[in-house]
Amino acid sequence: MTLKIPEHVAIIMDGNGRWAKSRGLPRIVGHYKGAEVAEDIVEYAVELGIKHMTLFTFSTENWNRPREEVNALFELLRQYLISKKRKLYELGIRVRFIGRKDRINKHLLSLMKEIEEESKENKNLVLNLAIDYGGRDDIVRAINKIIKEQPNKIDEETFSQYLDLSCSPDPDLLIRTAGEKRISNFLLWNLAYTELYFTDTLWPDFSREDFLKALEDFSRRKRKFGRVLDE
Ligand code: IPE
Ligand code: IPE
Ligand code: MG
């Protein structure tokens, strides 16, 4: 079978908490292991020639977790961005952040802006990190921008340009780990024709091999976009 490399892969990285719990460890340990896995999968995506990757890192609903967990997640993110940004640049990765910006600590926000700026010429892979991201919130923010700018006409294409993922095509493949079969308010507009792949593997256990399995499954899918395929 020839492997079809999707242009854009989105991932709901789920199961960090369960991974930690099953080992009698605090949930945050699962998040740290999950971050290492994310780093490796992103590197692998570059090797495979994938051009866009979007990782669900923190949802608009994740604020409802205990404060210690929320704080620890943002601290992990801050540490990771500082210690890994050079490596990301060397891999030719352009980093973009999608999601709300009004509830994020201003030091982290300026680090995010700096990384977007410093990586904007990189061409190998666009890495969209979804932080304080919700699909409904994305759509509502887009509508508010439209109301402000009052463009003459809105069609699907112009509407998409007001959404956070305006620099990437719609995802071809969505992977969700840890057995849950739901979208959890991820990219609602952009997933309209995305192929969905679910695996029971918990994110901290997710390997390059598991990623390849998802790509093989994707390669066998017949994407019809509403049409009739000539067999
Ligand atoms: C995903 O793992 C990471 C985030 C949502 C930040 P979870 O923390 O949701 O792990 P489970 O679902 O509790 O196992
Ligand atoms: C989705 O996972 C959010 C991220 C992976 C960042 P959740 O674990 O928050 O989703 P639910 O609560 O199980 O739907
Ligand atoms: Mg979860």
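Of all the residues in the range 48-69, those that are in a helix (DSSP H, G or I) and either within 18 Å of the chain's Cα centre (by Cα) or crowded, with 19+ Cβ neighbours inside 10 Å (or both) number 3.
A quick yes/no check of all residues on (1) under 19 Å from residue 96 (Cα atoms); (2) at pLDDT below 95; (3) in a loop (DSSP other than H, G, I, E, B):
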{"residue": "168", "(1), (2), (3)": "yes, no, yes"}
{"residue": "182", "(1), (2), (3)": "no, no, yes"}
{"residue": "186", "(1), (2), (3)": "yes, no, yes"}
{"residue": "196", "(1), (2), (3)": "no, no, no"}
{"residue": "200", "(1), (2), (3)": "no, no, yes"}
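Among the residues of the range 99-124, those identified as assigned to a loop (DSSP other than H, G, I, E, B) and under 18 Å from residue 84 (Cβ atoms) are 119, 120, 122, 124.
Consider the range 44-56 and keep the residues that are more than 12 Å from ligand 3 (Cβ to nearest atom) and in contact with an Asp or Glu (Cβ under 9 Å, 6 or more places away or on another chain). The one that is farthest from residue 128 (Cα to Cα) is 50. In the range 179-197, the residues that are under 24 Å from residue 5 (Cβ atoms) reach residues that are charged (D, E, K, R) and more than 8 Å from ligand 2 (Cβ to nearest atom) with C-beta atoms within less than 6 angstrom, at least six apart or across chains, in these pairs: 190/170; 195/221; 197/217.
I'm trying to understand the selection: among the residues of the range 109-132, which are in contact (Cβ under 8 Å) with a residue 12 or more places away in the chain and either touching an Asp or Glu at 6+ places or on another chain (Cβ under 7 Å) or loosely packed, with under 15 Cβ neighbours inside 10 Å (or both)?
Within the range 109-132, the subset in contact (Cβ under 8 Å) with a residue 12 or more places away in the chain is 111-112, 115-116, 118-132.
Hits for the range 109-132 are 116, 120, 121, 123.
When restricted to residues that are loosely packed, with under 14 Cβ neighbours inside 10 Å, on the phi > 0 side of the Ramachandran plot and within 16 Å of ligand 3 (Cβ to nearest atom), the range 141-197 contains 1.
The values are calculated or read from the model by the stated rules, or taken from the named source; none is laboratory data. The structure presented is a predicted model; accordingly, all values stated were derived computationally and were not measured. Positions of Cβ are backbone-derived with ideal geometry, glycine not excepted, and every protein chain shown enters the neighbour counts.
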